[in-house]
Number of protein chains: 2
Amino acid sequence: MGDINAIAKQFTDFYYQTFDTNRSALQSLYRAHSMLSWEGTQILGANDISEKLTTLPFSQVQHKVTTLDAQPSSPTVASLIVSVTGVLIVDDSPNPLQFSQVFQLIPDAGSYYVFNDIFRLNYG
Amino acid sequence: MGDINAIAKQFTDFYYQTFDTNRSALQSLYRAHSMLSWEGTQILGANDISEKLTTLPFSQVQHKVTTLDAQPSSPTVASLIVSVTGVLIVDDSPNPLQFSQVFQLIPDAGSYYVFNDIFRLNYG
């Protein structure tokens, strides 16, 4: 499982760094059949997902990953499920928000794209 | 997506009710190639997963689901990813613990089994 954990770490490092610095560049990680559930709202396809992510109502955001777990998601394809918990620091708020996020990554042309993405804030 | 949400609700209702009342009965939900990541510990197969779940260091536990999201996890098979956040009340502790749990459910003989299971407590 060493390899899969390294892939998960590399993906999430890239994903959250891009989210926090250049959100519109996330679009290339999704495909036309990718799904995002954002706080219970379901969005289909890279265009609409990018539209959602780039119009979220904050300007500055910083993700800090607390836990990262990965498992193979198929016996036949090198896809993986990545589960993240962490905190979000939004704009100048002094209160970090806990979040949970799940990705399913599918191999494609030497890299991976996001097929499933489920995001939730965790209110204490 | 109505159907998939109903399946996710039915599964999690059953799973957490069984966890909270008769933990050893969870074994039938897993198969020999099922995977559990429990607080970062990786466990493979129904037998070892059941051993882990039945020997957790608490006697009474109650799960309360706060959010539940589901998505199809394959374009070709009726499998699904279920993401749960909620709280755990352990023994007589007055402090509920936040948790995040992810399942991938695979259809099998008119029902579903758990292929992936990732559990994490979220410390605030």
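The values are calculated or read from the model by the stated rules, or taken from the named source; none is laboratory data. Predicted model, so just to flag it, every value in this text is computed and none were measured. As a convention, Cβ positions derive from the backbone with ideal geometry for all residues, glycine included, and neighbour counts pool all protein chains shown. For the accessible areas, the whole protein counts, side chains as well, though only heavy atoms, and no ligand, DNA or RNA atoms are used. Shrake-Rupley method; radii C 1.70, N 1.55, O 1.52, S 1.80 Å.
Hey, which lysines would be in cross-link range of B:LYS9, C-alpha to C-alpha under 17 Å, not counting anything within fewer than 8 residues on its own chain? Reachable lysines: B:LYS64. Dimensions of the protein assembly as shown from C-alpha coordinates, computed as largest minus smallest value along each principal axis and given longest first, are 48, 43, 37 Å.
In the stretch B:7-44, comparing the full protein assembly with the chain on its own, the residues that lose 40 Å² or more of accessible surface at a 1.4 Å probe are B:MET35, B:GLN42. Using a Gaussian network model of chain B in which every pair of alpha carbons under 10 angstrom is joined by a spring, one finds that among B:SER34, B:SER74, B:SER24 the greatest mean-square fluctuation is at B:SER74.
Below 8 Å, C-alpha to C-alpha, sequence gap of six or more: please give me the relative contact order for the stretch A:57-124 in percent.
On the way: 141 pairs, mean separation 17.7, N = 68.
Answer for the stretch A:57-124 is 26 percent.
Shown for chain B: the carbon plus sulfur share of the solvent-accessible area, taken with all protein chains present and a 1.4 angstrom probe, equals 52%. Along chain A, the exposed loop sites are chymotrypsin sites (Phe, Trp or Tyr not before Pro) outside DSSP states H, G, I, E and B with at most 13 other Cβ atoms within 10 Å, and the longest stretch free of them is A:59-122.
Accessible area per residue for the protein assembly as shown, computed on protein heavy atoms with a 1.4 Å probe, is 47 Å². Remark: accessible area buried at the B-A interface is about 2500 Å², both chains counted, probe radius 1.4 Å. Residues of the stretch A:106-124 that bury at least 20 Å² of accessible area once all protein chains are present, compared with their chain alone (1.4 Å probe, heavy atoms only, ligands and nucleic acids left out), are A:PHE115, A:ASN116, A:ILE118, A:ARG120, A:ASN122. Evaluating 6.51 cos²θ - 1.76 cosθ + 1.60 at θ = phi - 60° for every residue in the stretch A:76-93, the Karplus couplings come out as 10, 10, 7, 8, 8, 9, 10, 10, 10, 10, x, 10, 10, 10, 10, 6, 9, 5 Hz, glycine and proline recorded as x.
Of the residues B:GLY110, B:GLY86, B:GLY40, the one that moves most in a GNM of chain B with alpha-carbon contacts below 10 Å is B:GLY110. Across the stretch B:2-122, the convex hull enclosing all Cα atoms gives 103 Å³ per residue.
Taking only C-alpha pairs under 8 Å that are 6+ residues apart, what is the relative contact order of the stretch A:2-122 in percent? Normalised by residue count, the contact order of the stretch A:2-122 is 24 percent.
How much FRET efficiency would the formula 1/(1 + (r/R0)^6) give for A:ASN47 and B:PHE58, where r is the Cβ-Cβ distance and R0 is 35 Å, rounded to 0.05? Don't jump to the answer; show the numbers that get you there.
On the way: r = 47 Å, r/R0 = 1.33.
Efficiency, from the Cβ-Cβ distance: 0.15.
Phi-derived couplings, Karplus 6.51 cos²θ - 1.76 cosθ + 1.60 at θ = phi - 60°, listed residue by residue for the stretch B:98-108: 6, 9, 10, 9, 10, 10, 10, 9, 10, x, 7 Hz, with x used for Gly and Pro. When the helices of chain B are scored as -39500 (n - 2.57) per DSSP H run of n ≥ 4 and the total is divided over every residue, the value at 222 nm lands at -7500 deg cm²/dmol. Comparing each chain alone with all protein chains together (probe 1.4 Å, DNA, RNA and ligands left out), the residues of the stretch B:55-74 losing at least 20 Å² of accessible area are B:THR67, B:ASP69, B:GLN71, B:PRO72, B:SER73. Taking the convex hull of the alpha carbon positions in the stretch B:12-75 and averaging its projected area over all directions gives 5.4 nm².
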